[in-house]
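**Student:** Quick one: this structure, given as structure tokens, is what I'll be asking you about.
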Amino acid sequence: MNNSGIAVIIPAYNEQKNLRILLKDIGLYLPNALVVVVDESPQGGSGTFPGVILIARGHKMGRGSAVIRGLKEALKHKEIQYCFEMDADLAHSPAEFDRFLAVRHEADMVIGSRYLKQSHIVKWPLRRLIQSRVINAALNIWLGLHLTDYTNGFRLYSRKAAEFLLGARLHETGFIALSEIAYKLKRNGFRIAEVPISFQDRKHGASNANFKELLRSLMGAIRIRMLQ
């Protein structure tokens, strides 16, 4: 596939150092891709990057909200048929784009899972790993989608799935929106697949995850089913 038909959406918050590395790597593996950075840093703190569409929002509006804004921008370009979503903190490797593209005809959304047998997690604190495992197990019971990873933000959307999301009524705007997106797509007949990935803890900066965000996510998970 000519990768001029692919977009990469990157939500960011104070990730200037990581973004410079990530954007260089994206250029190596998808040199013709459209790259959209949705920056929620105060005063555009993630910087500017040549050849990249930068949407500076100036304050935190949430991971899910940033992704939807990025998809909206990408789909303005009629040639875009697939949209990647990935973290700005180098947790996700552009070297693994091909794993997603290899199954793009089999699913409308492909999730890079940290918890398939072939997946690898590198240098992630044990506390974070246990927390993530427990959350994903609970989400699998509550939402029943039979996925191994509801909360990882390395994904590939078909244009059809992305267009549906832009018109859907999404209630969540933070990290739990990743689970709501999966739930909405599955409930409306879209196919979801998972591929193994290598996941690495950030090298620079601090995580945006905190207890307040975790509590919001817990309440959001309850709402996902209650408000459908």
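**Student:** Using a 10 Å cut-off around each Cβ, can you sort 46, 198 from fewest to most neighbouring Cβ atoms?
**Tutor:** 198, 46
**Student:** So, one more: Please report 55, 130 as a ranked list, fewest other C-beta atoms within 10 angstrom at the top and most at the bottom.
**Tutor:** Fewest-to-most ranking of 55, 130: 130, 55.
**Student:** Rounded to the nearest 5, what is the percent of antiparallel bridges among the DSSP beta bridges in the chain?
**Tutor:** Bridges in the chain that DSSP calls antiparallel: roughly 25 percent.
**Student:** For the range 85-190, state the semi-axes of the equivalent ellipsoid (square roots of 5 times the eigenvalues of the alpha-carbon gyration tensor), sorted largest first and rounded to whole angstrom.
**Tutor:** In descending order, the three semi-axes are 22, 18, 13 Å.
**Student:** Follow-up question, since we're still on this one. So which of 17/123; 123/186; 17/184 end up more than 28 Å apart, counting from Cα to Cα?
**Tutor:** The answer is 123/186; 17/184.
**Student:** Dipole size in debye (nearest 20) for the chain around its Cα centre, Lys and Arg Cβ +1, Asp and Glu Cβ -1?
**Tutor:** I would put it at about 460 debye.
**Student:** Output the Cα-based Rg and Dmax of the range 1-65 in Å, rounding Rg to one decimal and Dmax to a whole number.
**Tutor:** Taking only Cα atoms of the range 1-65, I get Rg and Dmax of 11.9, 38 Å.
**Student:** Also, I was wondering about something else. Can you give the Rg and Dmax of the chain based on its C-alpha atoms, in angstrom?
**Tutor:** 16.2, 44
A short reminder: the numbers here are calculations on the coordinates, not readings from a lab. Bear in mind the structure is a predicted one, so any value in this text is a computation, not a measurement. So basically every Cβ, Gly included, is an ideal-geometry build from the backbone, and we count neighbours across all protein chains shown.
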